[in-house]
1. Of the residues in region 722-748, how many are over 13 Å from residue 769 (Cα atoms) and either surrounded by 24 or more Cβ atoms within 10 Å (Cβ to Cβ) or free of Cβ contacts under 8 Å to residues at least 24 places away in the same chain (or both)?
2. Conditions: (1) crowded, with 23+ Cβ neighbours inside 10 Å; (2) more than 30 Å from residue 1161 (Cα to Cα). Residue 1068 meets all but one. Number of the miss?
3. Here's a check for you: in region 1003-1032, which residue that is under 17 Å from residue 1098 (Cβ atoms) and touching a residue at least 40 places away in the same chain (Cβ under 8 Å) is surrounded by the most Cβ atoms within 10 Å (Cβ to Cβ)?
4. Tell me yes or no: at least one residue of region 1163-1170 is under 25 Å from residue 1068 (Cβ atoms), modelled with pLDDT of 85 or more and exposed (fewer than 14 other Cβ atoms within 10 Å of the Cβ).
5. Specify which of the listed residues (260, 246) is farther than 25 Å from residue 312 by Cα and at pLDDT 90 or above.
6. I'd like to check something: does region 1124-1144 contain any residue that is in contact with a strand residue (DSSP E or B) (Cβ under 8 Å, 6 or more places away or on another chain), on the phi < 0 side of the Ramachandran plot and assigned to a helix (DSSP H, G or I)?
7. Can you tell me which residue in region 1171-1192 is modelled with the highest pLDDT, limited to those that are in a loop (DSSP other than H, G, I, E, B) and surrounded by fewer than 18 Cβ atoms within 10 Å (Cβ to Cβ)?
């Protein structure tokens, strides 16, 4: 395209000044100025006075010199400000336009264009921009052309080797001046199609369109083509300006020129330059900013769209012979080899338009070269899919859709790239962007678009390629590329979802994951690349699971971590991709699910874990469910085929669960063949690398990480199996209850796993399954299927199939069901004792079964109604206050000293019944009936019979070889005694008593503590019966035990020692001696409270436990000792006072007046312990302290 000469531009400016001066003189004379000032209405007169204040001095200083340049610039700024006050709904009249333009034209005519200051030129063009906007409708064509040339000359850039300030040279203008000239050009070239523009000038759309077409035709005349070309060339540098205001105006000007004023045959010539600059502008190359502003990128993409479509679009290239495309059968006959002349030069179809001078012809060779350059430019726009501005994303979506539709034939290599743009934007978080991209895809893949079939095949082919590429991206740890590819596949799947889904895409995805889709080939590489690991979590204890009942907060599954990625979003994108494939493919994808699950039966390695994870995610899409969010309110209506596969999955998981981790591979499981491609290949040359001492640490860390990853795989495998079970319950709903016989054991077994990750997964799984199966809580599910749960645990406690976790499952079952287990406990107890008979020699099994019995007792413990009524009454009677006991004692004391004759006796001098029936009553007393003779002890309730059975059958285990079992039995007997009536309790105590005494001499301290606890509980529930045995059998053993503990503490480094060197117990509350001390103190406290103590034994107790009142002892020991002495104070106040005060050597009580000399006779009780503070608390108010401690 030719360039206008420098002289032409400046001669045009001078011609404009001469022409416009004549025009202004013809319309504006001094008489007219005076007439306007006299006849204009008030608002118009005020506006005229404002114009006059600027125009008159500007005309007087039309010749710009150094002295008045500042004044001229000031007048121009004032004039520009006055014109800006014109409302947008008001148009200037032609006379007003001429009045303002006259001084402007004088400035242009009287001064050399090269010497006018920048500030004056900027003001001139700012005023011309406003005038031109009003003048566009009525100005003559010659004036329009001269204004176009004048403004275009400002945008010209000097030649590279020109001399500055030389005559005829082009000066370099500032960005501000160029911006003002650009605004004037925009006013000259823009299309007036807005309703506000038409209303402002009172024009119709037809008139506006006709006027615009006239300007367009004039700009496309042969003589104007160089001007438009040079103007476009001069505007492109402004698009890269650092001034954002000038940059925006330049982009608008280039857009107008490319869209409306450039002739079609010249688009190929400007395509390389315009596209290159627009790509640079959109990407912000050369700037320091990360992202270019959206109002800059959006017009750049619009210009790029216009230039590519007009330069290399299908229609124009087919018309001019650059490409050939067959649409009908007749077109095939025309696809003959191109005509080649004798010199081997290809000839395109020459049209009248393409025969223009200096126009680039669209030939096949030009098309091949240009399409490659355009593809490179479009590929550079890939980072824009992550631009934060929504307008940029919308413009990129429009660009891709337009080029796909209009350059399908000419840019075949760019179609996958453009489709990838739309697919990525279709899953954008912004609703406007994603909906717009999906709309474009739906339009392109439906009639009447002729290329829809080829585009669909391209999409499916890209999906297959992306799935094959995914393993390499994962191994390379390219998170951004993984997310990009996964989002594209997910977006394609979204097109097939819903009622209006594309059937071709549905069929294609179903074929890809179906029997003939080749998952056996590309699936292996994907499974080899996925390596999962667990994340550290804070697991909720199983004991606290019931706290979630009635709470709406869902229990979520713990997340995984992909070993080759650094963020969780990458794994989430992969999961969304597989869900989308399953949702799009529907039931055809069930083949892939079955294939992956069969593969997962091969072991517990990383590949099997990856297989079951992929199967779970694909099945999520098929079932339209998700385990990552709480979708409990969603209903799942599934096809029969999906339901059948869900049942098969549940049964298969139950079968695989019992297999050991080192089970050999199933021969029916698919395996990777040698002919399949594998990307895990490494070639190495040279000598083997040596591991030095410097590298040994990193090498050991790698080995440790690898071993930890291998250890985590069985846990991950079982956790993912629970995912599949949960999804099966989502599909089957209430029909899943028929599978509880097979599936309850995996759920319960996961809850007792040592892994916190698996426990949390099991908790979430059973919570979701309970809801899907229409149960209100986990406890309700287990109670309703208690027989199933008991059966699955019992079947793992046989000689053929022994699983130690089965006893833990029974404990968990009882704990989760809670007090409702009371009515079903007989089955559990019977099952436990049957297994105890079979495995009594296996300590681990016996410990677990005894723990189950203890859980049953604890469940009964929560139901206070099971306590015998006689014991409740006895406890209530013992809760008499001090005043009530004092009143009873006073009444008894009064009657004790009265003569026997004065005591009121009931009178029996006459019978209370009829004389005739008296003999019958006597006979009945002498000869009782058979019924009364057969009456024995009161019958036990079913639950009491069960507890009696537990205690009776547990007694032989008091002599078990395992110390832990002995302690368990003692704790169980101590808890169970509270719920037995006296007849059954005393019988069991009589049988167990010799074994309990032996346990007080047990070599294991925790067994001794358990025996003390058992004696304490007996004192609480049967104090009168146990009191003689306690003081005759137990107390001497406690005395010997205290002596042994003193000797052991003397040799222990953990023992506290007082200021004088005395022993004060241990520093920690977790040592053996401390626990034994607490157990003995509690036992003696309860025994002293519930039964009457002989005075001799009471004195021995008072003297023996004084040292625990030392304030340097452990706080817990002091508390227990004060409780003991408070009880003893209630029984024998004088003895407690005498012993404690003698220990101190003085009386510290408030109510006694005893001199210190009287304690000299009891010097043998004197000790150096600091017990005064605790003694004062005891002597101050023991009864009140007892009530408080009991409440605690």
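1. 1
2. In the conditions (1) crowded, with 23+ Cβ neighbours inside 10 Å; (2) more than 30 Å from residue 1161 (Cα to Cα), residue 1068 misses (1) alone.
3. 1019
4. No, because not a single residue in region 1163-1170 is under 25 Å from residue 1068 (Cβ atoms), modelled with pLDDT of 85 or more and exposed (fewer than 14 other Cβ atoms within 10 Å of the Cβ).
5. Being farther than 25 Å from residue 312 by Cα and at pLDDT 90 or above holds for just one of 260, 246, which is 246.
6. Checking region 1124-1144: not a single residue is in contact with a strand residue (DSSP E or B) (Cβ under 8 Å, 6 or more places away or on another chain), on the phi < 0 side of the Ramachandran plot and assigned to a helix (DSSP H, G or I).
7. This residue is 1181.
Each row is one residue, and each column tells you yes or no for (1) in contact with a helix residue (DSSP H, G or I) (Cβ under 6 Å, 6 or more places away or on another chain); (2) assigned by TED's automatic domain parsing to the domain that holds residue 130; (3) within 20 Å of residue 143 (Cβ to Cβ).
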{"site": "176", "(1), (2), (3)": "yes, yes, no"}
{"site": "180", "(1), (2), (3)": "yes, yes, yes"}
{"site": "185", "(1), (2), (3)": "yes, yes, yes"}
{"site": "188", "(1), (2), (3)": "yes, yes, yes"}
{"site": "202", "(1), (2), (3)": "no, yes, no"}
{"site": "209", "(1), (2), (3)": "no, yes, no"}
{"site": "214", "(1), (2), (3)": "no, yes, yes"}
{"site": "220", "(1), (2), (3)": "no, yes, yes"}
{"site": "224", "(1), (2), (3)": "no, yes, yes"}
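The values are calculated or read from the model by the stated rules, or taken from the named source; none is laboratory data. Every value quoted in this text rests on a predicted model; they were computed, and no experiment measured them. Counting neighbours? That spans all protein chains shown, and the Cβs are built from the backbone with ideal geometry, glycine included.
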